[in-house]
Amino acid sequence: MNQTIPSSNIFSAEKSAAEPKRVCVVGASGKLGQYMVQHALDRGYEVVGVCRPQSVVKLARFGDRLQIVPGSTNDPDVIQKAVTGCGGVLTVLAPWGAQQYSSGTARAVLKYARPDARLVFSCGWHITRDGQDVYPLGLRVFVKVFGWLGRLTRLAELDDQVEACRQIFASRTRWTVVRGSDLEEGESQGLPVWSQHVGDAMLVSNRTRRTDFALFMVQALGDEVLIHQAPAIVGRLSPSALSYVGAVANA
Ligand SMILES: NC(=O)c1ccc[n+]([C@@H]2O[C@H](COP(=O)([O-])OP(=O)(O)OC[C@H]3O[C@@H](n4cnc5c(N)ncnc54)[C@H](OP(=O)(O)O)[C@@H]3O)[C@@H](O)[C@H]2O)c1
């Protein structure tokens with residue numbers, strides 16, 4: 001396993017001057033989306049959320065603090081309307097259904113977001129940018145089985161999430177693709193730590209609180225270091241992250 005991780009991979013939650021004022025959360029009604037809306041509001045951003053019409057009700061608790069644009073996230077007209085005036089766009093790449101939902105969503109965001117906007121996308125560890133990731137057996141089996149079952153039942157398209165990320169990696173926008181480990185609910189532990197490649201020792205615990213995944217996405221809006229990066233994240237209090245932090249402190 002590699003252990004070539006700079007200490008800059010542990011960053012603080014302070015606000016940076018580069019942060020946008022108005023941000024759009026694409027896929028706002030899901031679990032990750034709702035956490036991102038909350039964190040973005042907590043940071044004082046104006047927030048616009050996009051979600052399917054049948055899911056608007058899930059956002060009721062935000063009241064008039066959240067502007068909602070109802071519609072499919074892969075509908076270019078919906079995205080064009082929602083991202084207007086936004087300096088940042090946080091996009092949940094959802095692999096659900098059999099209608100190229102992820103790649104359609106990514107395409108619309110890449111096309112209609114402001115050229116100078118910070119674009120932050122979510123996906124899982126299974127996405128690789130440079131083929132240098134070393135995957136645990138359990139994840140390889142899961143991807144094979146879930147991918148096959150998803151295609152068979154037409155309920156999910158993992159391959160389309162791969163295609164979405166291929167488009168993002170090839171784009172000249174100011175993107176970051178955040179690759180989440182296995183997720184769990186629970187109180188925040190603070191910002192996750194990250195590494196370039198799955199297989200790096202700091203990531204071995206493969207566990208992040210969902211609220212902290214969202215925190216990392218929102219924090220990435222103002223972090224120039226993460227532009228054109230695909231950080232793989234893990235909870236900062238997970239055993240593998242704690243070992244890494246200890247090793248850096250003692251170096
Ligand atoms: N779950 C994990 O363990 C895990 C692990 C690593 C990374 N991730 C990544 O984290 C992100 C969020 O995943 P999540 O599992 O936590 O789910 P989530 O936040 O609940 O988000 C699911 C999203 O998919 C939408 N959706 C559900 N069914 C759909 C359908 N048939 N057609 C179109 N959209 C549909 C939901 O919209 P509605 O609200 O309208 O239903 C929601 O926006 C994803 O990018 C995923 O790749 C997840």
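If you filter the range 156-173 down to residues that are part of a helix (DSSP H, G or I) and free of Cβ contacts under 8 Å to residues at least 40 places away in the same chain, you find that the one that is surrounded by the fewest Cβ atoms within 10 Å (Cβ to Cβ) is Ala170.
Restricting the range 219-251 to residues that are over 17 Å from the mean Cα position of the chain (by Cα) and small (Gly, Ala, Ser), the residue that is surrounded by the fewest Cβ atoms within 10 Å (Cβ to Cβ) is Ala251. The residues of the range 119-150 that are farther than 16 Å from Leu203 by Cβ and in contact with a helix residue (DSSP H, G or I) (Cβ under 8 Å, 6 or more places away or on another chain), listed by number, are Leu119, Val120, Phe121, Ser122, Val143, Phe146, Gly147, Gly150.
The residue that is farthest from the chain's Cα centre (by Cα), counting only those in the range 77-100 that are at pLDDT below 95 and not small (Gly, Ala, Ser), is Gln99.
Every residue, every condition in (1) within 13 Å of the ligand (Cβ to nearest atom); (2) of a type in the set (Asp, Glu); (3) out of contact with any strand residue (DSSP E or B) (no Cβ under 8 Å at 6 or more places or on another chain), yes or no:
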site: Gln132; (1), (2), (3): no, no, yes
site: Val162; (1), (2), (3): yes, no, yes
site: Ser171; (1), (2), (3): no, no, yes
site: Val178; (1), (2), (3): yes, no, no
site: Leu183; (1), (2), (3): yes, no, no
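Would you confirm whether or not the range 39-53 contains a residue that is of a type in the set (Lys, Arg), surrounded by fewer than 21 Cβ atoms within 10 Å (Cβ to Cβ) and without any contact (Cβ under 8 Å) to a residue 40 or more places away in the chain? Within the range 39-53, one or more residues are of a type in the set (Lys, Arg), surrounded by fewer than 21 Cβ atoms within 10 Å (Cβ to Cβ) and without any contact (Cβ under 8 Å) to a residue 40 or more places away in the chain. Number of residues in the range 73-84 that are in contact with a helix residue (DSSP H, G or I) (Cβ under 6 Å, 6 or more places away or on another chain) and either closer than 23 Å to Gln229 by Cβ or within 14 Å of the ligand (Cβ to nearest atom) (or both) equals 4. Counting the residues of the range 16-49 that are at positive phi and either touching a helix residue (DSSP H, G or I) at 6+ places or on another chain (Cβ under 8 Å) or within 8 Å of the ligand (Cβ to nearest atom) (or both) gives 1. Taking the conditions (1) more than 15 Å from the ligand (Cβ to nearest atom); (2) surrounded by fewer than 19 Cβ atoms within 10 Å (Cβ to Cβ) in turn, Leu110 satisfies each one other than (2). So if I check each of Gly87, Gly124, Gly97, which one is surrounded by 18 or more Cβ atoms within 10 Å (Cβ to Cβ) and within 11 Å of the ligand (Cβ to nearest atom)? Going through Gly87, Gly124, Gly97 in turn, just one is surrounded by 18 or more Cβ atoms within 10 Å (Cβ to Cβ) and within 11 Å of the ligand (Cβ to nearest atom): Gly124. Can you say whether Gly104 is more than 18 Å from Leu226 (Cα to Cα), part of a helix (DSSP H, G or I) and within 12 Å of the ligand (Cβ to nearest atom), as far as the supplied structure shows? Against the criterion (more than 18 Å from Leu226 (Cα to Cα), part of a helix (DSSP H, G or I) and within 12 Å of the ligand (Cβ to nearest atom)), Gly104 qualifies. Selection within the range 187-212: residues that are surrounded by fewer than 24 Cβ atoms within 10 Å (Cβ to Cβ) and part of a helix (DSSP H, G or I). The member of this set that is farthest from the ligand (Cβ to nearest atom) is Ala201. Here Arg52 fulfils each of the conditions (1) within 16 Å of the ligand (Cβ to nearest atom); (2) in contact with a helix residue (DSSP H, G or I) (Cβ under 9 Å, 6 or more places away or on another chain) apart from (2). Only one entry of Gln161, Gln167, Gln132 meets the criterion of being closer than 20 Å to Leu226 by Cβ, among the polar types (S, T, N, Q), modelled with pLDDT of 95 or more and more than 18 Å from the chain's Cα centre (by Cα), and that entry is Gln132.
The values are calculated or read from the model by the stated rules, or taken from the named source; none is laboratory data. This one's a predicted model, so the numbers in the text were calculated from it and none came from an experiment. Quick reminder, even Gly has a Cβ in these numbers, built from the backbone with ideal geometry, and neighbours come from all protein chains shown.
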